[in-house]
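Here is the structure we will look at.
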Amino acid sequence: VENNNNTYRVTKIGSGAFEGGCTGLTAITIPNSVNNIGSYAFTSCTRLTSITIPNSVTTIREQAFDYCIGLTSITIGNSVTEIYYRAFASCRGLTSITIPNSVTTIKREAFAFCYGLTAITIPNSVTTIDELAFRDCTELTSITIPNSVTTIGQSAFANCTKLQEIKVY
């Protein structure tokens, strides 16, 4: 929390802030003053249905939205540069995701076990897709990977049993 002229602004959502016990949480508005979402911040908020991460956010830490099984919509602001370990893992209701052009790295298991994902396009800014990044995205049928990607980690698309088309451009 930052104090500016007797006005308090939230600048960070700390680690574990709403973890686990907030199973009734269905909506949240993250203000433009927030620049960091901590590890486990919303882990297991199972009834959260959508989230918009504002452009002010530069960091989404490990497992920030892990196991938010009710999430069907995620909008990631255009200042995020890395999607950390398991940041959106096990978001089973998620059917699509738009990764902004600011992202350069998709970390290990970032979207693992997102069973509902059907297609994903990786932007030109991404250079690294770590191991197991999209593991067990069993409904994923196509993926587009730009030629900016220089590293695709081991088993990045393991158990993506319906994957039919990979486009590299």
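The values are calculated or read from the model by the stated rules, or taken from the named source; none is laboratory data. This one's a predicted model, so the numbers in the text were calculated from it and none came from an experiment. Heads up, the Cβs are rebuilt from the backbone with ideal geometry, glycines too, and the neighbour counts pull from every protein chain shown. These accessible areas exclude ligands, DNA and RNA; they are computed on the full protein's heavy atoms, side chains included. Shrake-Rupley method; radii C 1.70, N 1.55, O 1.52, S 1.80 Å.
Taking every pair of alpha-carbon atoms in the range 91-167, give the share separated by more than 21 Å as a whole percent.
It works out to 14 percent of all Cα pairs.
With an 8 Å cut-off on Cα pairs and a minimum separation of 6 or more residues, tell me the relative contact order of the range 1-105 in percent.
Relative CO of the range 1-105 lands at 21 percent.
If I compute solvent accessible area with a 1.4 Å probe over the protein chains, what percent of it on the chain is carbon and sulfur?
Of all accessible area on the chain, carbon and sulfur atoms account for 45 percent.
Using a 1.4 angstrom probe on the protein heavy atoms only, line up 15, 44 by accessible area, largest first. Walk me through the numbers before you get to the answer.
Details: 15 85, 44 30 Å².
Result of the area sort, largest leading: 15, 44.
Report the semi-axes of the equivalent ellipsoid for the range 10-169 in whole Å, largest first, where each axis is √(5λ) for an eigenvalue λ of the Cα gyration tensor.
For the range 10-169, the ellipsoid semi-axes come out as 24, 18, 12 Å.
I need the calculated FRET efficiency for the pair residue 28 and residue 119, taking r as the beta carbon distance and R₀ as 35 Å, to the nearest 0.05.
Given R0 = 35 Å and the Cβ-Cβ separation, E is 0.85.
List every residue whose amide H lies under 5 Å from the amide H of residue 30, counting only residues 5 or more places away in sequence or on a different chain, with H placed 1.01 Å from N in the peptide plane.
Residues meeting the amide H criterion: 52.
So which lysines can residue 12 reach, going by Cα to Cα under 29 Å and dropping same-chain residues fewer than 8 places off?
The qualifying lysines are 107.
So how far, in whole Å, is the C-alpha centre of the range 1-71 from the one of the range 99-134?
20
Note down the accessible area of residue 28, probe 1.4 Å, to the nearest 10 Å².
My reading of the accessible area for residue 28 is about 40 Å².
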